[in-house]
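Below: the structure, in structure tokens.
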Amino acid sequence: MLTYDLDAEGLRGLNEALQKQTQETNETQWEVVNPKGSHAIAVGLDAPIDVTVHGSTGYYCGGMNQQATIRVKGSAGPGVAENMMSGTVIIEGDASQYAGATGHGGLLVIKGNASSRCGISMKGIDIVVHGNIGHMSAFMAQAGNLVVCGDAGDALGDSLYEARLFVRGSVKSLGADCVEKEMRPEHIALLSALLEKAESDAKPEEFKRYGSARKLYNFDVDSNTTY
């Protein structure tokens, strides 16, 4: 295991070292200490490595992630896992606004609460929030799954496309063209798998599903992964 002191050695050196890792690397376990809320920690990774950040981070932590598993033992600022493609990002605390924005794939887990615009314009990412989410979450969400074990704020799923939204608690209000939908057996199975991956003991039968009424947009559902 490699330990990197961010306070002593600097952010540029950390990201350069992590981005140099390849599929064949034997330097697979990294620990980052003294992050002190620094921005853009562990961005642009493209190798199957594990990175644990001991403390809270600033904006865009884990952005553009591919393949890596990034765990933050603290909270994260705006835009965590922004434009994520694959891999896993786990936030042990809370996340600020637009967590998982434009994410194309992979899994983002927030074990605390998420602020406004969680999952905005998501394009295939799976997001599981153990707590609550703020207003305008899943705005223009195109594909993927947003799972909320707590409550959701105003305008959930406004201008939604084909993403699936699952909320266990209350929803303050639904956005334009977002409606409650039937929970079928395939949704229970999907939700059960996501909750297990996210280390949540919530029961899938306790959730409601929300999706697009399909009255607002001009969108080809068969091409939803290409937008």
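Comparing A138, A101, A155 in a Gaussian network model of the chain (Cα springs below 10 Å), the most mobile by mean-square fluctuation is A155. Each eigenvalue of the Cα gyration tensor of segment 130-182, multiplied by 5 and square-rooted, gives one semi-axis; in descending order these are 15, 12, 10 Å. Each of A189 and N15 was given a label point 7 Å from its Cα along the Cα-to-Cβ line. The distance between the two points is 4.2 nm. Under a model in which nothing but the beta-carbon of Lys, Arg (+1) and Asp, Glu (-1) is charged, segment 97-215 shows a dipole of about 200 debye around its Cα centre. Just to confirm my numbers, what's the Cα centroid distance between segment 32-48 and segment 109-131 in Å? The two parts, judged by their Cα centres, are 19 Å apart.
Over the chain, DSSP H runs of length four or greater, each weighted -39,500 (n - 2.57), average out per residue to a 222 nm ellipticity of -3000 deg cm²/dmol. With the simple model of a label 7 Å out from the Cα in the direction of the Cβ, E206 to T22 spans 4.7 nm. The convex hull around the C-alpha trace of segment 1-78, projected and averaged over every direction, spans 4.2 square nanometres. Spread over its residues, the convex hull of the C-alpha atoms of the chain is 107 Å³ per residue.
Once you divide the Cα radius of gyration of segment 51-175 by 2.2 N^0.38 Å, the number left is 0.91. With each label modelled as a point 7 angstrom along the Cα→C-beta vector, the D154-V179 pair spans 2.4 nm.
Going down the table (K36/K208; K111/K215; K36/K203; K73/K181; K123/K172), which pairs top 32 Å between alpha carbons? Too far apart for the 32 Å limit: K36/K208; K111/K215; K36/K203; K73/K181.
Every read-out reported here was derived from the displayed coordinates using simple, explicitly stated rules and does not represent laboratory data. A quick note: this is a predicted structure, and the numbers were derived from the prediction, not measured. Virtual Cβ from ideal backbone geometry, glycine too; neighbours counted across all protein chains shown.
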